[in-house]
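One structure is given here, and the rest of the page talks about it.
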């Protein structure tokens, strides 16, 4: 008998994979995947600032609230044992906020330099990848079939968000590149990775993770560009408007994915 851990269920109603193939626990990597990912990184940047600064909750209280919300969503993600669009993307949005807050707490509250946090998060991410590969012999996101692989995946995701926050702030603020220029810089780098993958046979797993890491500072720089006041190099839309617009777009796209996923399940069940 196929183990439940490996084959899981296609949804929370217990519909099994009728094809007999393992069920991936995370979203398929499509164009919509990348669009929602960038939007979620922007929300992670602006929502963290909105809660901590605009609502005057402070970094510590905001961190407690968002970490609690993330852990609740993460519990349901692990419990589902399969890809459920609403749950998965809720976790992504919340972990983006938590990752941002980890970096911000170290820099703003503890006085750790952005150079140090960037280096530390880079080392931590490499360590997760090494342990993941030694344990599973793959870093592919298309084979997240077991709980252990999923835990490695989410550990890597958290570190990419923290690393991207520190790295993005280092480039845009400490190196004084500016938000608009940083957005263009990171977008160009991602475009270069995509070109290397499509035209020069860059390894798919390496291309995915490089692009995933860079979407964080891309989204953060874009969020700061839209939200910050003009005197600070932004367009002045504010964290409230920016967060609501991007979050609303995410909700709409995830609703579309959920509906498409539901139709796919009904088709499989026939």
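A few comments on the model shown:
- Output for the range 152-169, where each listed residue is touching a residue at least 40 places away in the same chain (Cβ under 8 Å) and either over 30 Å from residue 236 (Cβ atoms) or surrounded by fewer than 21 Cβ atoms within 10 Å (Cβ to Cβ) (or both): 153, 154, 156, 157, 158, 159
- Residue that is nearest to the chain's Cα centre (by Cα), among those in the range 56-83 that are closer than 26 Å to residue 174 by Cα and part of a loop (DSSP other than H, G, I, E, B): 57
- Residue match in the range 252-266 (condition: under 29 Å from residue 118 (Cα atoms), part of a helix (DSSP H, G or I) and either in contact (Cβ under 8 Å) with a residue 12 or more places away in the chain or out of contact with any strand residue (DSSP E or B) (no Cβ under 8 Å at 6 or more places or on another chain) (or both)): no
- Restricting the range 182-203 to residues that are under 20 Å from the mean Cα position of the chain (by Cα) and exposed (fewer than 13 other Cβ atoms within 10 Å of the Cβ), the residue that is nearest to residue 153 (Cα to Cα): 191
- When residue 89 is tested against (1) touching a helix residue (DSSP H, G or I) at 6+ places or on another chain (Cβ under 9 Å); (2) closer than 22 Å to residue 205 by Cα; (3) surrounded by fewer than 17 Cβ atoms within 10 Å (Cβ to Cβ), just one condition goes unmet, and that condition is (3).
- Residue check, residue 86 outside any helix (DSSP H, G or I) and either touching a residue at least 40 places away in the same chain (Cβ under 8 Å) or farther than 25 Å from residue 218 by Cβ (or both): no
- Taking the criterion of being outside any helix (DSSP H, G or I) and out of contact with any helix residue (DSSP H, G or I) (no Cβ under 6 Å at 6 or more places or on another chain), the residues of the range 216-238 that qualify are 228, 229.
- Inside the range 156-170, residues that are within 20 Å of residue 90 (Cβ to Cβ) and more than 11 Å from the chain's Cα centre (by Cα) make up a count of 1.
- The residue list 130, 115, 119, 107 contains one member that is more than 19 Å from the chain's Cα centre (by Cα), touching a residue at least 12 places away in the same chain (Cβ under 8 Å), part of a helix (DSSP H, G or I) and surrounded by fewer than 19 Cβ atoms within 10 Å (Cβ to Cβ), which is 115.
- Residue match in the range 177-187 (condition: in a helix (DSSP H, G or I), modelled with pLDDT of 90 or more and more than 21 Å from residue 31 (Cβ to Cβ)): yes
- The set of residues in the range 188-204 that are touching a helix residue (DSSP H, G or I) at 6+ places or on another chain (Cβ under 8 Å) and in a helix (DSSP H, G or I) comprises 189, 190, 193, 194, 196, 197, 204.
- Residues of the range 135-176 that are within 25 Å of residue 114 (Cα to Cα), touching a helix residue (DSSP H, G or I) at 6+ places or on another chain (Cβ under 6 Å) and not in a helix (DSSP H, G or I): none at all.
- Residues in the range 216-263 that are exposed (fewer than 12 other Cβ atoms within 10 Å of the Cβ) and modelled with pLDDT under 85: 229, 231, 263.
The values are calculated or read from the model by the stated rules, or taken from the named source; none is laboratory data. For clarity, every value in this text was computed on a predicted model and none was experimentally measured. Counting neighbours? That spans all protein chains shown, and the Cβs are built from the backbone with ideal geometry, glycine included.
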